[in-house]
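Let me begin by presenting the structure, written as structure tokens, before commenting on it.
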Amino acid sequence: MSKRPTPCIVTSEEALRQEEIIKQLRNDNDLIKARTGKQKYYYISTFGCQMNAHDSEKLEGMLEQIGYMKAEEEEKADFIIYNTCCVRENAEQKVYGKLGYLKHLKDKNEDLIIAMCGCMMQQEEVLNTIRTKYKHVDIIFGTFNLYKMPELLQTYLETKRTVIDIWKEHKEIVEDLPSIRKHKFKASVNIMYGCNNFCTYCIVPYVRGRERSRKPEDILKEIEDLVADGVKEIMLLGQNVNSYGKTLEDKVTFAQLIRKVNEIEGLKRIRFMTSHPKDLSDELIEAMRDCDKVCKSLHLPFQAGSTKILKAMNRRYTKEQYLDLAKKIQREIPNIALTTDIIVGFPGETEEDFEDTLDIVRQVQFSGAYTFIYSKRTGTPAAVMEEQVPEEVSSRRFNKLQEVLRPIITEKSQALHGKTLEILVEDLSKNDEKLLTGRTESGHLVHFEGDSSLIGEFINVEITEAKTYYLIGQRV
């Protein structure tokens, strides 16, 4: 058996090559703009998780260096990228629906460039569908070669032929990519890529590859540079951050990394996701407890309450082990806000199994939960399992889960009524421009009256009203 090559971190040669291509494209765009007076615009639509959102920030950074400006809608764009997700079927269907609309736009503007990237592109059946049914897509690339986007764009512009560049596995990690952050005051930082867990319902390991960790010195430098640029809150990202460091030659645990990040001067808050219960260590709990910048909130998906179903999911922990872990965390870090993911209707789930799920919800008392009806993903072991649960049964159980969750989450919110909490002001309210929104250390969303000059600042707010999924307050 051949030894699997260890992914290398590329910080010079490949990054410099793409940088040169960016300069060439920028020069071409500047010449076109000087001749025609026309500014080129891009539009990126992002589907899926925070990893995809962070990837889109890198795409934005490269496109703006090339000379494109951001368009607020597809109709005004010269270059459209869909960064796709394949975790749930409805996300894929949304993409296909939008591709039909883009055909209409391309018919009106033959110079429009359409690109597809992300997790969907790593699936052979999706790639074949786009090749045959959506021939107006010009550039297709996957999750492993995001940094090559300038080169792929250049190739398309030179040939005017469809460019497809899909890698079956990761070859290298390219550092120092430009990035456009949505917020100046907070940012996400990838600490690792890929996943080794192979939960039977999940397509992620097949489309994002095996785990590979970035070197701690690269992560710390990136965070230090972000803090110097005004960032106050960092979200450390990985499919399973608890596995961080296992692929490094010089082993560093996630807990050790957290402590190093906590020492960075000027940084105010540290968040991270996602944590897998199977390897959340006592060392990490202690680091969360001891590090003053680590937010007292934790997203800890349990997915299903039944040990039988957990085994079928390949989650590698039991109901009892999850409950013991949750109680240990709550004991060591009082008032921590625990949130979770829950799947209803996994193949083979009985009423008794579902009651185990409700039992965990009642015992742990989560502050929030992302809940899903099981979605069959082609290419995963669960897709061909027997005893697929009928849709009407899954829907009934899903509604029952909401009935149990909602009063618990409401009670958790109401416990904050009358308290004064520090929040990071993030934005204007989408529904009322007189209101600002921000988040507490625990992750609760707070609306309050205030001036937009407060965005990006930490302020104290007294909670005057508690709704189920958000709080209302007034500045102190």
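Here are some notes:
- For the range 442-451, residues that are in contact with a strand residue (DSSP E or B) (Cβ under 7 Å, 6 or more places away or on another chain) and among the acidic types (D, E) total 1.
- Which numbered condition Q330 misses (of (1) of a type in the set (S, T, N, Q); (2) in the same structural domain as R362 (by TED's automatic domain parsing); (3) more than 26 Å from A415 (Cβ to Cβ)): (3)
- The set of residues in the range 424-450 that are of a type in the set (K, R) and free of Cβ contacts under 8 Å to residues at least 12 places away in the same chain contains only K430.
- Matching option when the condition is of a type in the set (D, E, K, R) and under 16 Å from C86 (Cα atoms), among D55, D30: D55
- Taking the range 197-268 as the region of interest, the helices (runs of 4 or more DSSP H) fully inside it that hold 2 or more residues being under 30 Å from K376 (Cβ atoms) and modelled with pLDDT under 90 are 204-208.
- Residue match in the range 235-254 (condition: farther than 25 Å from H54 by Cβ, among the aliphatic types (A, V, I, L, M) and touching a helix residue (DSSP H, G or I) at 6+ places or on another chain (Cβ under 6 Å)): no
- Scanning the range 439-476 for residues that are over 12 Å from T420 (Cα atoms), in contact with a helix residue (DSSP H, G or I) (Cβ under 9 Å, 6 or more places away or on another chain) and of a type in the set (D, E, K, R) returns a single hit, K467.
- Count of the range 252-280 residues which are among the small types (G, A, S) and more than 23 Å from the chain's Cα centre (by Cα): 1
- From the list F354, F346, F366, the lone residue that is in a loop (DSSP other than H, G, I, E, B) and in contact with a helix residue (DSSP H, G or I) (Cβ under 6 Å, 6 or more places away or on another chain) is F346.
- Residue check, T132 over 26 Å from the mean Cα position of the chain (by Cα) and of a type in the set (V, I, T): yes
- Boolean, I309 is farther than 16 Å from N242 by Cβ, touching a Phe, Trp or Tyr at 6+ places or on another chain (Cβ under 6 Å), assigned to a strand (DSSP E or B) and not charged (D, E, K, R): no
The values are calculated or read from the model by the stated rules, or taken from the named source; none is laboratory data. Just so you know, these numbers come straight off a predicted model, no measurement behind them. Note that each Cβ is placed from the backbone with ideal geometry, even for glycine, and that neighbours are counted across all protein chains shown.
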